Ligand code: UDP
């Protein structure tokens, strides 16, 4: 038997053959959507499955540049296998050599989603190659919920398909149900009910991204999301990066809505290591990890606010000014991962005019604030005892990373399911306070100062949020704990997932 690292190019396919480890029972092919917030948990899921059992060969398939990120995140080249699917961004109206949301302006994101449809033929070729080499098809394809078309590939080849949502259960349900049902289009009211949630749960129009607010089923976003979600709902089950005990309601509602098995295998967190986030996402932080840790070492426990809007989002120029003013007026220490404001090329250099005059120098000289260019060593910052709160867009990975260290959050949702995450963090978990929503709002420094001060209070609401965040962190630790026969909920879910993958596929 042979296993292989695979590289498909426009014209040919390269197989790097090597002896297959003994005892492998089958192949799992995984395919994430092309965004850091998806690729990072896919890699973490692949590692988790491998830690649970050595039964599988796992191959992650993606476009060449995303495979490059992944390759640099692996500690050994044979840890997980990688397959490059040919992709030419310019053929899809995208800038040259752009294959990931992170460097794309918002206006192009829909094109990136649509471009994923072109990966169907290369994915089919990859599956054929594996089938030819191993004498049977892969046991399972684990695909991103956004890539519903993979379900067609799997069904026609008689392979089990599981959808992986890199979001939490509550946020996933709100996201898929709002896209599938467009409930806000059926009322003039700002508040509306979302199918799948109890009748008394109301969502607000301002929690929707402007593309979704305007969606009517005929626009390019609807035309991608509505059929892709419908296809993902036809897969054989969903894997969710969450924990039963922290999201009991969300998981219950999601299972009811899908009528499919949902495995809660979270929190899928990348390992914290001295080599920092380079080894997680193949990205170089804008500051040396050691320098960042030394800066945090100077600060008191729970005294620093960490600010980051994830891997691809940014705020407006006026909001950036207000945030800087509020931070300065609050006197609270902070680390802020800065990017050019909304509307500017996200890849260009940051210029001082985007911040109040002399802000950067004052913060540096007084050691009050650390500005980090574009990418910060997030997990390491959150794991440091000086970090007291996280001002975040509340992307799900950021939520899990923050709560796993008991760090409460200040929510500023910008896109995707982030506003629903914040709703849950505030209403269900009590671990967050919302500062504002989207890039469209006008906020003042005064507002920023007030909310940050509440979150950092050693008494009252700040203390309550901290205590609840610590409880959630304890639940997360328990979920992945295994003591003899006693297994946490996520360990049990992972065992069940592996058993299901190894069981005969009824569809064959
Ligand atoms: N991240 C990081 N440094 C940064 C920004 C993001 O390490 O400066 C990582 C973060 O730890 C998380 C991921 O990128 O794992 C962002 O995922 P999330 O779901 O929070 O947001 P998204 O980028 O998908 O909007």
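The values are calculated or read from the model by the stated rules, or taken from the named source; none is laboratory data. In this text, all values refer to a predicted model and were calculated from it rather than measured experimentally. Note: ideal-geometry Cβ built from the backbone for every residue, glycine included; neighbour counts use all protein chains shown.
Every residue, every condition in (1) buried (at least 16 other Cβ atoms within 10 Å of the Cβ); (2) modelled with pLDDT of 95 or more; (3) farther than 28 Å from residue 477 by Cβ, yes or no:
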| position | (1), (2), (3) |
| --- | --- |
| 230 | no, yes, yes |
| 236 | yes, yes, yes |
| 242 | yes, yes, no |
| 248 | no, yes, no |
| 251 | yes, yes, no |
| 259 | no, yes, yes |
| 263 | yes, yes, no |
| 267 | yes, yes, no |
| 271 | no, no, no |
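Residues 147, 173, 162: which one is under 16 Å from residue 33 (Cα atoms), surrounded by 23 or more Cβ atoms within 10 Å (Cβ to Cβ) and more than 16 Å from the ligand (Cβ to nearest atom)?
162
Looking only at the range 381-392, which residues are buried (at least 24 other Cβ atoms within 10 Å of the Cβ) and within 12 Å of the ligand (Cβ to nearest atom)?
Answer for the range 381-392, where residues must be buried (at least 24 other Cβ atoms within 10 Å of the Cβ) and within 12 Å of the ligand (Cβ to nearest atom): 381, 390, 392.
Tally time: how many residues in the range 200-235 are more than 18 Å from residue 421 (Cα to Cα) and in contact with a strand residue (DSSP E or B) (Cβ under 6 Å, 6 or more places away or on another chain)?
Number satisfying all stated conditions: 2.
Contact list please: Cβ distance under 6 Å, first residue in the range 358-381 and at positive phi, second residue within 16 Å of the ligand (Cβ to nearest atom), pairs at least six apart or on different chains.
Once the first residue is at positive phi and sits in the range 358-381, its partners that are within 16 Å of the ligand (Cβ to nearest atom) give 374/286; 374/339.
With the structure loaded, tell me whether residue 82 is farther than 27 Å from residue 131 by Cβ and touching a helix residue (DSSP H, G or I) at 6+ places or on another chain (Cβ under 6 Å) or whether it fails that test.
When the stated conditions are applied, residue 82 does not pass them.
Select, from 43, 70, the only residue that is part of a helix (DSSP H, G or I), within 16 Å of the ligand (Cβ to nearest atom) and either under 21 Å from residue 131 (Cα atoms) or in contact with a strand residue (DSSP E or B) (Cβ under 6 Å, 6 or more places away or on another chain) (or both).
Residue meeting the stated conditions: 70.
Could you tell me which residue of the range 405-429 is surrounded by the fewest Cβ atoms within 10 Å (Cβ to Cβ), considering only residues that are more than 15 Å from the ligand (Cβ to nearest atom) and touching a residue at least 12 places away in the same chain (Cβ under 8 Å)?
So, considering only residues that are more than 15 Å from the ligand (Cβ to nearest atom) and touching a residue at least 12 places away in the same chain (Cβ under 8 Å), the one surrounded by the fewest Cβ atoms within 10 Å (Cβ to Cβ) is 428.
Taking the range 393-404 as the region of interest, how many residues are over 11 Å from the mean Cα position of the chain (by Cα) and either near the ligand (Cβ under 7 Å from one of its atoms) or at pLDDT below 95 (or both)?
1
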